[in-house]
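Participant: Structure provided below as structure tokens; questions to follow.
The values are calculated or read from the model by the stated rules, or taken from the named source; none is laboratory data. Values in this document were obtained by computation on a predicted structure and should not be read as measured data. In this analysis, Cβ positions are derived from the backbone assuming ideal geometry, glycine residues included, and neighbour counts consider all displayed protein chains. The area values use the complete protein model at the heavy-atom level, side chains included, leaving out ligands, DNA and RNA. Shrake-Rupley method; radii C 1.70, N 1.55, O 1.52, S 1.80 Å.
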Amino acid sequence: MTGWFRLTLGLLAVVVGLVWTLQGLGYLRGSLMSGDDVWTIVGPIVVVLGLVLLVVGLRARNRAKRQP
């Protein structure tokens, strides 16, 4: 199970970051965050952090597979 937690958190962060970015840009309406420039900046930062977690999780998972 090594790396699965990081992979899950990374994927969740990417999805949430994309939603926040789309809300900040005004493509997703119906929220207080819609059209707010702050979420246009915060969203991509969360996406990048999520991608980093995904890479770290994949590396940990691959390392665990190589060990006997």
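Participant: What distance in nm separates the simple spin-label points at residue 58 and residue 45, each placed 7 Å from Cα in the Cβ direction?
Facilitator: Between residue 58 and residue 45, the label points sit 2.5 nm apart.
Participant: Can you run phi through the Karplus equation (6.51, -1.76, 1.60; θ = phi - 60°) for region 43-50 and list ³J(HN,Hα) in whole Hz, with x for Gly and Pro?
Facilitator: Taking θ as phi minus 60°, the curve returns x, x, 5, 5, 4, 5, 4, x Hz for region 43-50.
Participant: Could you work out what % of the accessible surface of the chain is carbon and sulfur, using a 1.4 angstrom probe and leaving DNA, RNA and ligands out of the count?
Facilitator: Accessible surface attributable to carbon and sulfur in the chain totals 70 percent.
Participant: If you roll a 1.4 Å probe over the heavy atoms of the protein chains, what accessible area per residue do you get for the chain, in Å²?
Facilitator: 73 Å²
Participant: Among the trypsin sites (Lys or Arg not before Pro) in region 1-67, which ones are in a DSSP loop with at most 11 other Cβ atoms within 10 Å of the Cβ? Mind listing them?
Facilitator: Passing both the DSSP loop test and the Cβ count: 29.
Participant: Out of (i) 1.20; (ii) 0.93; (iii) 1.07, which label holds the value of Rg/Rh (Cα atoms, Kirkwood Rh) that was computed here?
Facilitator: Matching entry in (i) 1.20; (ii) 0.93; (iii) 1.07: (i).
Participant: Give me the dipole magnitude in Debye, nearest 20, for the chain about the Cα centre, with unit charges on the beta carbon: positive for Lys and Arg, negative for Asp and Glu. Present the calculation step by step, with values, prior to reporting the outcome.
Facilitator: Numbers: 7 positive and 2 negative charges, 133 e Å.
The dipole of the chain has a size of about 640 debye.
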